[in-house]
Amino acid sequence: MTATLTGTGPLLRASLRHDGVRFAPWIAIATALSASSVLGYPWLFPDPQERAALAVAVGANPALGIIFGPAFDLATVDGFNAWRSLALAGFFTALGSILTVIRATRGQEDSGQAELLASGVLGRGSRLLSGVGLALIGSLAVGVVAGVVTGLCGGGWQSSMLLGATFTGSGWMFAGVAAVTAQLGADSRTAGSLAVGTLGILYLLRGIAYSLDAPAWTVRVNPLGWMTETRPATADQWWPLLYAATFTALCLAVASALHARRDFGQAVIAPRPGPYRGRLRTPWRLVVRLNRGAVLAWTAAFAVLGMVFGYFTTSIQDVLAKDSAVAAILAAGATTPEDLTSAFIVTILGLVGIIAAISGVQIMLRVRTEEMEDRVEPLLAGALHRTRYYGANVGLALTVPAVHVLLAGTVIAIVAAGAGIGVSLWTTVLQAAATVPAVWTVVAVAVAVVGARPRVGPAAWIGVLSSFALTLLGPTFRLPDAALAASPFWHVPVVSRDGDGPGGLLGISLVTILLLVVGFVGFRRRDLATT
């Protein structure tokens with residue numbers, strides 16, 4: 001056992017020195033989310049009436065419960081912070097852990113760095129343990145920094161530190177999950193997709209379980225549900241963190257057992273061999289072939305997502321009736337159940353659009369990966385023009401998210417329209433179609449970055465992150481319309497509302513065209529595989 005872990009300490013110290021800074025953005029995101037909630041709440045909601053109005057607004061749109069989790073207490077600073085930060089900051093910390101572990105395990109094997117390390121005095125399990133250790137230390141830093149800063153900004157110390165501990169717990173659990181998927185996936189992309197997919201599914205199920213007031217066992221079997229059950233500021237329960245530590249230990253034990261039995265560079269899920277002779281005659285077919293697995297996985301995910309959200313929509317009026325404040329508003333005739341259901345569908349389709357844009361960004365970033373691995377230059381050395389090659393990638397990056405939004409929207413419409421709750425199938429499908437131009441604008445940001453400035457590859461995610469922050473977080477901080485308008489989803493018209501025209505879509509379509517032009521011109525003029 002000792003020989004297996006030989007060199008773990010020096011390797012971990014070297015990893016912290018060279019890669020530790022990569023966790024800084026996740027620390028900053030979680031800390032900013034929590035601290036801003038504490039600082040902004042007294043200013044935005046200074047009196048009980050406005051806080052009560054916030055509770056009504058949250059209760060009237062259960063889609064917010066899917067994203068943020070349950071609102072146990074919105075009348076206090078710490079309760080608001082727990083609702084706004086626990087789920088989201090935990091998600092981002094878990095995502096950072098996944099990326100860290102995959103990069104230090106399968107990523108090193110893909111690049112050949114692992115083989116170089118293994119040629120020295122290094123035990124078989126050292127790389128896995130050092131990669132997981134880096135993620136555990138990074139997650140701990142997230143929790144400590146976020147908790148301390150939140151306390152210094154005015155949050156209650158016990159609830160702030162417990163909230164930070166949930167961030168750490170989420171990161172630890174998914175460091176364990178990523179350690180397992182690193183042994184399952186044939187390469188870093190497959191392993192990362194498995195881990196991130198698991199995180200996304202559990203996140204969605206946790207939100208739906210609380211929003212639908214599902215049986216308690218649906219929360220108990222969900223690791224992210226354990227973190228929510230800590231209930232900072234209302235119950236301050238520390239014991240669910242023991243579940244997180246146990247889950248992490250079990251995952252690491254499974255990962256170590258799999259790692260000890262697999263061949264170097266191999267995995268449980270073996271890659272499919274290519275054809276004996278090449279059959280791809282066009283760049284479009286090549287691009288489809290390279291992204292086929294991810295596209296099929298995303299398609300299946302959006303079909304399931306549509307069914308889940310469709311079922312949720314059929315129960316929306318029952319969910320609203322359980323909220324006494326919302327029920328009082330309905331009884332007073334200030335609004336109708338149909339209006340609230342329509343608002344819910346618009347919010348859900350906006351969330352679907354943001355998620356769909358992720359697949360488009362991934363397709364564009366695959367262009368950069370192929371380029372840096374010297375597989376693009378041989379293609380362009382022949383008769384294939386740069387514009388044609390880049391156009392095939394851009395075409396797929398725009399087509400796939402559009403199909404996914406329409407697929408999910410159609411499934412939601414079919415399921416909800418048959419429930420007799422006043423949802424029109426055609427109107428819902430049109431609302432999904434109206435969301436597509438906003439998705440294209442987000443993807444176009446990645447097109448411009450990869451085409452013109454690939455050295456700043458992470459900037460390709462700016463469109464997704466800013467849209468998520470402004471569309472879903474912005475209203476909770478009462479940002480002005482001028483700020484919210486920076487998100488393309490703010491310009492999506494509500495199809496069922498009279499007076500909402502396509503003017504906003506025309507504006508973001510012009511922005512999309514401009515970004516596409518920047519991307520194509522940049523790719524045609526710049527050097528390939530430059531860093």
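The values are calculated or read from the model by the stated rules, or taken from the named source; none is laboratory data. Owing to the predicted nature of the structure, the values given are computational and were not obtained by experimental measurement. As a convention, Cβ positions derive from the backbone with ideal geometry for all residues, glycine included, and neighbour counts pool all protein chains shown.
Structural remarks
- Restricting the search to helices (runs of 4 or more DSSP H) fully inside the stretch 153-260 and requiring at least 1 residues that are of a type in the set (Lys, Arg) and surrounded by fewer than 22 Cβ atoms within 10 Å (Cβ to Cβ) gives 188-211, 217-220.
- Matching residues, the stretch 389-418, being free of Cβ contacts under 8 Å to residues at least 12 places away in the same chain and closer than 14 Å to Gly360 by Cβ: Thr399
- First in the stretch 449-462 and within 11 Å of Val367 (Cβ to Cβ), second anywhere and among the aromatic types (Phe, Trp, Tyr), Cβ under 7 Å, 6 or more apart: Gly451/Tyr390; Gly451/Phe520; Gly451/Phe523
- Criterion (at pLDDT below 90, within 21 Å of Cys153 (Cβ to Cβ) and charged (D, E, K, R)) met by exactly one of Arg106, Arg51: Arg51
- Scope the stretch 388-399; condition more than 16 Å from Val445 (Cβ to Cβ) and of a type outside the set (Ser, Thr, Tyr); matching residues: Arg388, Gly391, Ala392, Gly395, Leu396
- Exclusive hit being under 25 Å from Trp298 (Cα atoms), in the same structural domain as Ala357 (by TED's automatic domain parsing) and touching a Leu at 6+ places or on another chain (Cβ under 6 Å), set Ala408, Ala469: Ala408
- Qualifying helices (runs of 4 or more DSSP H) (wholly inside the stretch 334-425; at least 1 residues being buried (at least 18 other Cβ atoms within 10 Å of the Cβ), of a type in the set (Ser, Thr, Tyr) and more than 20 Å from the chain's Cα centre (by Cα)): 337-372, 386-417
- Filter pass, Leu384 being closer than 20 Å to Gly395 by Cα, assigned by TED's automatic domain parsing to the domain that holds Ser467 and at pLDDT below 90: yes
- Qualifying residue in the stretch 463-476 (condition: surrounded by fewer than 16 Cβ atoms within 10 Å (Cβ to Cβ), in a helix (DSSP H, G or I) and not acidic (Asp, Glu)): yes
- The helices (runs of 4 or more DSSP H) found entirely in the stretch 1-88 that carry 1 or more residues being exposed (fewer than 15 other Cβ atoms within 10 Å of the Cβ), free of Cβ contacts under 8 Å to residues at least 24 places away in the same chain and in the same structural domain as Ala135 (by TED's automatic domain parsing) are 8-19, 24-44, 48-60.
- Number of positions in the stretch 426-443 that are more than 17 Å from Trp490 (Cα to Cα) and buried (at least 24 other Cβ atoms within 10 Å of the Cβ): 1
- Selection status of Leu162, within 18 Å of the chain's Cα centre (by Cα) and in the same structural domain as Leu241 (by TED's automatic domain parsing): no
- Cβ-Cβ under 7 Å pairs, at least 6 apart or on other chains, the stretch 492-508 side in the same structural domain as Ser467 (by TED's automatic domain parsing) and closer than 11 Å to Gln431 by Cβ, far side among the polar types (S, T, N, Q) and at pLDDT 75 or above: Val492/Thr435; Val495/Thr427; Val495/Gln431; Ser496/Ser342; Ser496/Thr427
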